[in-house]
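Some notes on the structure that comes next.
The values are calculated or read from the model by the stated rules, or taken from the named source; none is laboratory data. As the structure is a prediction and not an experimental result, all values here were calculated from the model. Cβ atoms come from the backbone with ideal geometry, glycine included; neighbour counts cover every protein chain shown.
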Protein chains: 2
Amino acid sequence: MASVPLHISISEKLRDQIASGVYAPGEKLPSEHQMMAAFGVSRITVRQAIANLVNQGLAQSKQGKGVFVTPQTKVAYSLSSPLVLLESDLAQKGIKLTFENISFKKVRPPENVRAILGLTEPSAYFQKKLLSMNGSVGAVDITYILPELGQQFGPQLKRKMTFPVLEENAIAIERIEATIECTHADYEMSGHLEVPLGQPLIVYRYTAYSNPDKPILQGETISRADRFCYALTVKRSAP
Amino acid sequence: MASVPLHISISEKLRDQIASGVYAPGEKLPSEHQMMAAFGVSRITVRQAIANLVNQGLAQSKQGKGVFVTPQTKVAYSLSSPLVLLESDLAQKGIKLTFENISFKKVRPPENVRAILGLTEPSAYFQKKLLSMNGSVGAVDITYILPELGQQFGPQLKRKMTFPVLEENAIAIERIEATIECTHADYEMSGHLEVPLGQPLIVYRYTAYSNPDKPILQGETISRADRFCYALTVKRSAP
DNA sequence: TAACTTTACTTGTTATAACAAGCTAGTGAT
DNA sequence: ATCACTAGCTTGTTATAACAAGTAAAGTTA
């Protein structure tokens, strides 16, 4: 019975109380001093229990103020294509997508991107957008686009999301290859997405092809994990 | 200058050494005692610095052995259906999927699962499998199955993965609704997946329907984030 | 009243200490 | 040679202690 460490049983007790609504989202938990008395343990044990909650994303501590239950802001994205955020998809769910252009310029892409895009010339267009869902910062979108497309559609790409621009201009996208994985916030992303260093992030990485062999853009969308939920429905033919 | 906490500057020094190859992936870091001497700080500071590395996914500690640089073992899953691990999909990539039955029993499912499955009776079959890719523990699969299916196919479900059993028995799966999101390891999952408490995990949550209105199973696959990479190719019709 | 200071409360950092528990290698007995 | 055990390493848990630093409200001064 006593094989479970004290800090674990305390944090699980607190987790259950949060789940059952004893402590509402945004509400302040008891102070460390109060918990020491309530559970009859030392401060280091209380702090370990709180650290568990913070690591599990259930609470956030603020020096000088207290520990607060994480407000739930998770958003479900229902996407028509994997890894491609379309305003129309999100609007269906009542989510308003806004974005801010951080960067749009001609650059020399990293070697792996040049290989994927099959670039003979050394440069491509690079764009970085900061995406917000219902006004709350949620993701950074980084895209490399073939130089001829970037040059031609630059003004439109600055005003709208990438895929709608291509579709409106009848650039056929034959297929999209995509991967999804989990990483941790480095210093740059921690600044963009307003999360502490090391927080988990979701990376969508995608390549769009205009015909079976012709990749036209390569990009990644890096989302806050706490505001991320990706939904998909797939019909299966009977075996 | 001294405004940065000691444990931060120590963990950043270690991070740089890991990045520059002083400590190779899988290699053991110096012991806490050695670090105390090397940096001239107390054990609690060394442990805090190591905790930072672990939270950033750069290192893993093992009681009795030491702290090791995280080996890069990321595996790309290319799946024919979202959130459903099929041996055939993985075999295509040269990944051998094995599993161990942790639990198979009749239980009273939680309220949300009963609502999804439309259960009038109070019970359903519950199975929990521990999945390994190429011998390395990667995911826990938890599934609730309609009682009539669980009873009928129990012996097969203990020996094989769920979807192959259903398909071989001509249980038509009309469609699968799935979501993917990021959570953190609680005590139970931390034990199953051999990761520290609070490490990011990926949750696939899926519902399979035998006809448009008839859900037959509900489950989730909880993957280690450091061994997770989900790949999908989608063909798009021209606009 | 307005601005400043003090005070009390909060979490953050760091040290010392002791014991528990997991792992490994060597020791010794059979 | 094989097995059990012990010694010595490792990280994990928990306690006590002190000070730093951020916050907010009360009190004080101009």
Original post:
Within the bounds of region B:179-197, is there any residue that is over 22 Å from the mean Cα position of the chain (by Cα), in the same structural domain as residue B:138 (by TED's automatic domain parsing), surrounded by fewer than 19 Cβ atoms within 10 Å (Cβ to Cβ) and part of a loop (DSSP other than H, G, I, E, B)?
Top reply: no
Original post:
Which one is nearest to DNA strand C (Cβ to nearest atom), of the residues in region B:37-74 that are over 21 Å from residue A:48 (Cα atoms) and more than 13 Å from chain A (Cβ to nearest Cβ)?
Top reply: B:65
Original post:
If you scan region A:87-106, which residues turn out to be in contact (Cβ under 8 Å) with a residue 24 or more places away in the chain and outside any helix (DSSP H, G or I)?
Top reply: A:95, A:96, A:97, A:98, A:99, A:100, A:101, A:102, A:103, A:104, A:106
**OP:** Output the number of residues of region B:14-38 satisfying the condition of being surrounded by 13 or more Cβ atoms within 10 Å (Cβ to Cβ), part of a helix (DSSP H, G or I) and out of contact with any Lys or Arg (no Cβ under 8 Å at 6 or more places or on another chain).
**Re:** 5
**OP:** Sort out which residues of region A:78-105 are at pLDDT 90 or above and surrounded by 14 or more Cβ atoms within 10 Å (Cβ to Cβ), and write them in order of number.
**Re:** A:104
Subject >> Residues of region A:141-187 satisfying the condition of being within 14 Å of another protein chain (Cβ to nearest Cβ) and within 19 Å of residue A:115 (Cα to Cα) >> reply: A:175, A:176, A:177, A:178, A:179
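Name the single residue, out of those in region B:133-151 being at pLDDT 85 or above and surrounded by fewer than 16 Cβ atoms within 10 Å (Cβ to Cβ), that is nearest to residue B:94 (Cα to Cα). Write out each step before concluding.
Step one: list which residues in region B:133-151 are at pLDDT 85 or above, which gives B:139-151.
Filter once more, so that each one left must be surrounded by fewer than 16 Cβ atoms within 10 Å (Cβ to Cβ): B:148, B:151.
Values: B:148: 35, B:151: 34 Å.
Taking the candidates together, the pick is B:151.
Just to be sure, is residue B:48 within 12 Å of DNA strand D (Cβ to nearest atom) and under 30 Å from the mean Cα position of the chain (by Cα)? Full working, then the answer.
Details: within 12 Å of DNA strand D (Cβ to nearest atom): yes; under 30 Å from the mean Cα position of the chain (by Cα): yes.
Judged against the criteria, residue B:48 is a match.
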Subject >> Within region B:52-77, considering residues that are charged (D, E, K, R) and at pLDDT 85 or above, the one farthest from residue B:167 (Cα to Cα) >> reply: B:65
